[in-house]
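Remarks on the structure that follows.
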Amino acid sequence: MLFGNFVCKHRKIILIIALILLIPAILGMKSTRINYDILVYLPENIETVQGEKILSEDFDMGGFSVVILENMKNKEILKLENKIKEIDNVEKVISAADLFGTEVPKNMLPDKVQDMLYDENKTIMLVTFKEPISSDETMNSVQKIRELTDERCKISGMTATLIDTKNLSDSEVVIYVVIAVLLCLIILQLALDSYFVPILLLLNIGIAVLYNMGTNIFLGEISYITKAISAVLQLGVTMDFAIFLYHSYVQEKNNTSSKENAMANAITKTFTSVLGSSLTTIAGFLALCSMNLTLGKDIGIVMAKGVLFGVISVVTILPAMILECDKLIEKTKHKEILPRFTHLRDFIIKHYVVIAVLFIVILPIAFYGYRNTEVYYKLDKSLPETLSSIQANNSLKEDFNMASMEMLLVDKNMPEYKANEMIEKIENIEGIEWAIGYSKLGSIGIPKTALPHDLIEVFQSDKYQMILINSKYEIATDELNEQVKELTNIIKGYDENAILAGEGPLMKDLVEISDHDFNSVNTTSIAVIFIIMLFVLKSISLPVILIAV
C-alpha cells in the first residue's frame with residue numbers, strides 16, 4: 001500500500017522520468033549491434049569452431065565467397081579481380097584466369113578442371129576475407145563487391161545470405177510489430193470499456209519494450225532472431241498484467257472515496273497477483289541460459305528483462321498515465337462489446353469430467369505430432385527465392401554441383417603420397433564431387449611451378465595444409481551429416497589432429513547441440529517453475545496440476 005501511495009502521489013515525476021529515460025533507451029537500441037549469423041553461438045571448445053579460428057589466424061580466411069561470372073572474357077575477369085582486391089578486408093581473389101592466363105582456350109584445359117571451374121559460359125572466382133563471415137567488415141566488403149559488379153556476376157556464400165537476411169528482417173520487423181499492435185488495439189477496444197484505455201496500455205508496453213531494447217547495449221550485441229521476436233513476445237506476455245491493473249482500478253473506484261486510493265489498492269493487488277506469474281515467466285526465459293548454444297542466453301536474458309520491465313512499468317508508469325488521463329477515460333467510456341462468456345464457463349464447470357477425458361484422449365495424438373514434426377536447420381530455407389544470394393547459391397549448386405564446401409585441415413608435414421591416398425578415399429565417398437589440395441594440383445594438370453603465390457597460400461600455412469572438399473549434398477541435411485561422419489572417420493585415420501571445418505560440419509554440430517539443449521531446457525524450466533510455484537501457491541498439488549496441464 002505504501003508503494004502504491006508513493007506512485008499515486010508522485011505520478012507526474014514518474015512520467016517525466018519515464019520520458020527522459022526514453023532518450024538513453026533509444027540511443028542504446030540504435031547502438032546495439034545485431035548479429036545475423038547463428039553459427040557464432042556454438043561453444044568455443046568444439047572442434048569445428050577451433051577449425052574456423054585456424055582458418056582465420058593461419059590462412060587469413062575469416063570468410064569466403066564464390067562469385068559466379070557469366071559471359072565474361074578472361075581479360076574482363078582479371079580487371080574485375082584487381083578492383084575487388086582494392087576493397088578493404090579482401091585477402092585474396094583467385095580465378096581460372098590466374099591459373100591458366102588469358103590466352104589458353106577453355107576446351108584445352110583438362111576435363112577435371114573444366115568440370116570444377118566452368119559450366120558452358122559460366123566460371124567461378126574465389127574471394128577470401130580477413131574477417132569472419134558475419135563481421136561488419138566482411139558484410140561491407142561483399143556489399144561493395146555487389147555495387148562493383150553488374151548482372152553478369154552473382155555472389156554466393158553465407159555472408160551474402162546474411163546481408164539479404166538482414167535487409168529482409170529490418171524491412172519486415174516494423175511491419176509485423178505494427179500488425180501486432182493494431183490487432184491488440186482492436187481486441188482491447190472490444191474487450192475494455194473505454195476507447196482511450198487501450199491506447200494507454202499499448203503506450204505503456206511500448207515504453208517497456210524500448211527500455212528492454214535499449215538496455216541490450218550492455219550485452220554488446222543480440223541476434224536478429226532475438227530482435228525479431230522480443231517486442232512481440234514482450235507485448236503478448238505482459239499485456240495481461242496491464243489489463244489486470246486497469247480492471248482492479250475500476251473495481252476499487254466503486255469501493256473507495258478517491259481515485260488515488262483506488263489506484264493505490266489496485267497497484268497492491270496487481271503486484272501481489274502477477275508476482276508469481278511474472279517470476280515463473282522470467283524463470284522460464286532464464287532457463288534458456290543453460291543451453292550450450294549461447295543463442296539461448298541471448299534470447300533468455302533479453303526476454304527476462306522484458307518481463308521485468310513490463311511488471312515495473314505496469315505498477316509505476318501505467319498507474320500514473322491512467323490517473324493523469326482519468327477524465328479522458330471517463331469521457332470515452334462505452335459498454336463492453338465482447339460477451340462475458342458465462343455460458344462457456346458454466347458448460348466447462350458442468351462437463352469438466354468429459355473435457356478432462358477428451359484432453360487425455362487427444363494427448364497421444366498431440367505427442368505423436370510433436371515427436372514426428374520435422375525440424376529444419378537450413379538457415380536459408382525460409383528465405384524468398386528472389387533474393388540475389390539465394391539465386392547465386394542455387395546457381396552454384398545446379399551449374400557446378402557445389403552445394404556445400406568443407407575445408408579439411410591436416411598437418412603440413414603429412415607426406416604427399418599419404419595426402420593423395422586420403423584424398424582418393426574422400427573422393428570415393430558418395431556425394432563428394434571432388435577434393436583438391438596442394439599435393440593434388442599436379443594431377444589435374446596444374447604444374448606446381450606455375451601456381452600463383454596467392455593460390456599456394458590458400459592451400460598451405462606454416463602449420464597446416466588445407467584440402468577443399470566439394471559435396472553435392474545441401475547443408476543441414478541428413479545426407480550431409482552422415483557424409484561428415486564418414487569424412488571424419490577417414491581423416492582421423494591419417495591424422496588424429498585433423499579438423500573438418502566449414503558450414504556443413506558447423507551446422508551438424510548446431511543440430512546435435514540444439515537437440516540436446518531443447519531437452520535440457522525443458523527439464524530445467526519445469527524444475528525451476530515448479531519450485532517457484534511451491535512458494536507462491538503454498539501447495540504441492542496445484543503446481544503439479546498446472547505444470548501437467
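When we screen VAL544, VAL549, VAL521, VAL536 for residues that are within 29 Å of the chain's Cα centre (by Cα) and among the hydrophobic types (A, V, I, L, M, F, W, C), the only hit is VAL521.
Among the residues making up the stretch 326-348, those that are at pLDDT 90 or above and of a type outside the set (D, E, K, R) are LEU328, ILE329, THR332. In the condition set (1) buried (at least 16 other Cβ atoms within 10 Å of the Cβ); (2) under 24 Å from THR386 (Cα atoms); (3) not aromatic (Phe, Trp, Tyr), VAL174 is compliant with all but (1).
Cβ separations smaller than 9 Å between residues 6+ apart or across chains give the following pairs from the stretch 157-174 residues that are under 12 Å from ILE34 (Cα atoms) to residues that are buried (at least 16 other Cβ atoms within 10 Å of the Cβ) and of a type in the set (Asp, Glu): LEU162/ASP37; THR165/ASP380.
Within the stretch 179-202, the set of residues being part of a helix (DSSP H, G or I), out of contact with any helix residue (DSSP H, G or I) (no Cβ under 7 Å at 6 or more places or on another chain) and touching a residue at least 60 places away in the same chain (Cβ under 8 Å) comprises LEU190, ALA191.
Of all residues in the stretch 1-24, those that are farther than 14 Å from LYS269 by Cβ have Cβ atoms under 7 Å from Cβ atoms of residues that are among the hydroxyl-bearing types (Ser, Thr, Tyr), 6 or more apart or on another chain, in ILE14/THR316; LEU21/TYR211.
Out of the stretch 472-487, which residues are more than 28 Å from the chain's Cα centre (by Cα) and over 15 Å from ALA419 (Cβ atoms)? Matches in the stretch 472-487: GLU486 only. Just one of the listed residues (ALA231, ALA287) is under 27 Å from GLY28 (Cβ atoms), under 17 Å from the mean Cα position of the chain (by Cα), in the same structural domain as ILE175 (by the TED database) and buried (at least 17 other Cβ atoms within 10 Å of the Cβ), namely ALA231.
Hey, among the residues in the stretch 419-446 that are assigned to a loop (DSSP other than H, G, I, E, B) and within 22 Å of VAL127 (Cα to Cα), which one's modelled with the lowest pLDDT? Outline the logic, then answer.
The first filter runs over the stretch 419-446 and keeps only residues assigned to a loop (DSSP other than H, G, I, E, B), leaving 428-431, 437, 445-446.
From what's left, within 22 Å of VAL127 (Cα to Cα): 437, 446.
Details: GLY437: 87, ILE446: 63.
Ranking the qualifying residues of the stretch 419-446, first place goes to ILE446.
Does ASN292 satisfy being in a loop (DSSP other than H, G, I, E, B) and not assigned by the TED database to the domain that holds VAL536? Talk me through it step by step, then tell me what you get.
Values: in a loop (DSSP other than H, G, I, E, B): yes; not assigned by the TED database to the domain that holds VAL536: yes.
So ASN292 fits the description; yes.
Considering only residues in the stretch 372-392 that are of a type in the set (A, V, I, L, M, F, W, C) and not in a loop (DSSP other than H, G, I, E, B), the one that is surrounded by the most Cβ atoms within 10 Å (Cβ to Cβ) turns out to be ALA392. Residue count for the stretch 32-86, restricted to those that are touching a residue at least 12 places away in the same chain (Cβ under 8 Å), in a helix (DSSP H, G or I), out of contact with any strand residue (DSSP E or B) (no Cβ under 8 Å at 6 or more places or on another chain) and not assigned by the TED database to the domain that holds ASN393: 4. If you go through the stretch 130-148 and keep only what is touching a residue at least 60 places away in the same chain (Cβ under 8 Å) and out of contact with any helix residue (DSSP H, G or I) (no Cβ under 7 Å at 6 or more places or on another chain), you end up with LYS130, SER135, ASP136, ARG146.
The values are calculated or read from the model by the stated rules, or taken from the named source; none is laboratory data. Fair warning: this is a prediction, and the values are worked out from it, not measured in the lab. Glycine also receives a Cβ, built like all others from the backbone with ideal geometry; neighbour counts cover every protein chain displayed.
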